[in-house]
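Peer 1: A single structure is presented below for examination.
Derivation of every value follows stated rules applied to the coordinates shown; laboratory data play no part. These figures come from a predicted structure and were not determined experimentally. Cβ sites come from the backbone with ideal geometry, for glycine too, and all protein chains shown count toward neighbours.
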């Protein structure tokens with residue numbers, strides 16, 4: 001029996017089973033391995049489905065090169081590297097892997113928040129270097145988390161999971177979205193600046209892309225203040241990264257916990273040198289359980305499409 005042909009943009013890094021399962025069940029055209037990219041796209045003209053990840057997205061020229069394209073199945077929830085307007089014009093569907101990663105991403109947001117507030121990384125380094133034993137270094141006082149004010153930019157699935165975890169810390173929560181929600185108990189801030197002026201901690205859980213590029217501006221970060229901490233598990237493009245660096249250096253911003261960066265995997269040296277900053281390599285969903293669930297959902301979207309059942313988790317392009 002002939003296997004369905006698919007075009008894969010890039011390897012799924014850290015996949016537990018997906019890469020092998022794709023090869024077993026589909027005739028995979030590996031674009032990232034092609035020596036002649038244009039020849040590869042020419043050979044894929046009859047392909048109906050593209051497989052990608054939130055990291056790779058899908059270049060517009062690839063979409064335009066495939067006249068038979070009907071769907072893109074992406075591993076992850078980000079879609080800022082895919083031209084959604086072009087998909088609408090071409091009537092191409094897009095599926096992501098929502099919900100299954102909410103908890104682990106929210107967990108890492110809280111890990112970054114706690115590590116930043118309580119100097120966890122500095123303390124670990126101090127103990128390992130025997131500075132505590134030798135009395136050669138002291139740890140600065142941390143910031144209490146319980147009872148503080150938590151601001152969330154982007155109260156979608158992940159944002160709500162982050163807010164839910166704050167209940168155990170007796171925190172007051174407010175949020176900023178494009179529009180207020182009528183199905184949550186949290187107060188809505190009309191502007192992000194207003195939210196930052198109010199908050200002790202600002203967690204970014206918004207979508208990426210041009211619509212949100214630089215929305216967490218220098219002005220917003222300055223409003224968060226010298227005791228405020230910003231946490232980003234969304235996209236590096238959402239923050240004015242250079243502005244953040246300068247405010248951290250001057251002490252006008254208290255600290256940061258960052259899983260994502262503007263030009264990752266390159267991270268500014270200035271951030272690496274700041275003890276009040278906690279850094280992670282874009283791994284908020286990187287747990288065994290979540291990655292396995294993401295792979296299962298990606299494979300189920302593919303199976304359902306080729307079985308004529310339609311995508312399991314299609315993104316509504318009219319609502320983004």
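Peer 1: Over the range 102-279, calculate the relative contact order: mean separation of alpha carbon pairs under 8 Å at least 6 apart, over the residue count, as a percent.
Peer 2: Averaging sequence separation for qualifying contacts and normalising by length gives 21 percent for the range 102-279.
Peer 1: Hey, another quick one. Using a Förster radius of 45 Å, what is the FRET efficiency between residue 211 and residue 128 based on their Cβ-Cβ separation? Nearest 0.05, please.
Peer 2: About 0.60, to the nearest 0.05.
Peer 1: Then there's this: When the chain is modelled as a GNM with alpha-carbon springs shorter than 10 Å, which of 152, 63, 204 fluctuates the most?
Peer 2: For the chain, modelled as a Gaussian network with Cα springs under 10 Å, the answer is 63.
Peer 1: Something else about it: So, R0 is 25 Å and r is the distance between the beta-carbons of residue 269 and residue 13; what FRET efficiency does that work out to, to 0.05?
Peer 2: That gives a FRET efficiency of 0.55.
Peer 1: Additional query: Suppose we keep just the DSSP beta bridges with both residues in the range 102-279; what percent of those would be antiparallel, to 5?
Peer 2: So the antiparallel bridges amount to about 5 percent of the total.
Peer 1: Treating the angle as unsigned and between 0 and 90°, give the value, to the nearest 10°, between the Cα long axis of helix 241-250 and the longest Cα principal axis of the chain.
Peer 2: For helix 241-250, the angle is close to 10 degrees.
Peer 1: Rounded to the nearest 5, what % of DSSP beta bridges with both residues in the range 196-275 are antiparallel?
Peer 2: 10
Peer 1: Something else about it: Measure off 7 Å from each Cα along the Cα-to-Cβ vector at residue 170 and residue 288, then give the distance between these two points in nanometres to one decimal.
Peer 2: 3.7
Peer 1: Next question, about the same structure. Would you mind telling me the antiparallel percentage of the DSSP bridges in the chain, rounded to 5?
Peer 2: 5
Peer 1: Apply 1/(1 + (r/R0)^6) to the Cβ-Cβ distance of residue 149 and residue 307, taking R0 = 56 Å, and write down the FRET efficiency to the nearest 0.05.
Peer 2: Efficiency, rounded to the nearest 0.05: 0.70.
Peer 1: Would you mind ranking 79, 188, 288 by Cβ crowding within 10 Å, fewest neighbours first?
Peer 2: Placing the least packed residue first, the sequence is 288, 188, 79.
Peer 1: Counting other beta carbons within 10 Å of each Cβ, put 169, 201, 261 in order, fewest first.
Peer 2: Listing 169, 201, 261 from fewest to most nearby Cβ atoms yields 169, 261, 201.
Peer 1: Have a look at the chain and give its Rg and Dmax from the Cα atoms, expressed in angstrom.
Peer 2: Answer for the chain, Rg first and Dmax second: 21.5, 71 Å.
Peer 1: Further question: On a 0 to 90° scale, report how tilted helix 288-306 is relative to the longest principal axis of the chain, with both axes built from alpha carbons and the result rounded to the nearest 10.
Peer 2: Rounded to the nearest ten degrees, it is 30.
Peer 1: Once both labels are modelled 7 Å past Cα along the beta-carbon direction, what's the residue 198-residue 55 spacing in nm?
Peer 2: Rounded to a tenth, the inter-label distance reads 3.7 nm.
Peer 1: Another one. For the range 61-154, what are the per-bin percents of Cα-Cα distances with bins 5 Å wide, up to the bin holding the maximum?
Peer 2: For the range 61-154, the pair-distance distribution reads 2, 10, 13, 12, 10, 9, 9, 8, 7, 7, 5, 4, 2, 0.
Peer 1: Run the simple label-point estimate for residue 32 and residue 64 please: 7 Å along Cα→C-beta, distance reported in nm.
Peer 2: With each label placed 7 Å out from Cα toward Cβ, I get 2.4 nm.
Peer 1: Still on this structure, I have one more. Can you put 132, 110, 75 in order, fewest other beta carbons within 10 Å first?
Peer 2: Ascending Cβ contact count within 10 Å gives the list 132, 110, 75.
Peer 1: What does the helix-only formula give at 222 nm for the chain: each DSSP H stretch with n ≥ 4 adding -39500 (n - 2.57), the total divided by the residues, and the result rounded to the nearest 500 deg cm²/dmol?
Peer 2: Taking each H run of at least 4 residues, the total per residue is -10000 deg cm²/dmol.
Peer 1: How high is the relative contact order of the range 124-175, given as a whole-number percent (alpha carbon pairs under 8 Å, six or more residues apart)?
Peer 2: In percent, rounded to a whole number, it is 35.
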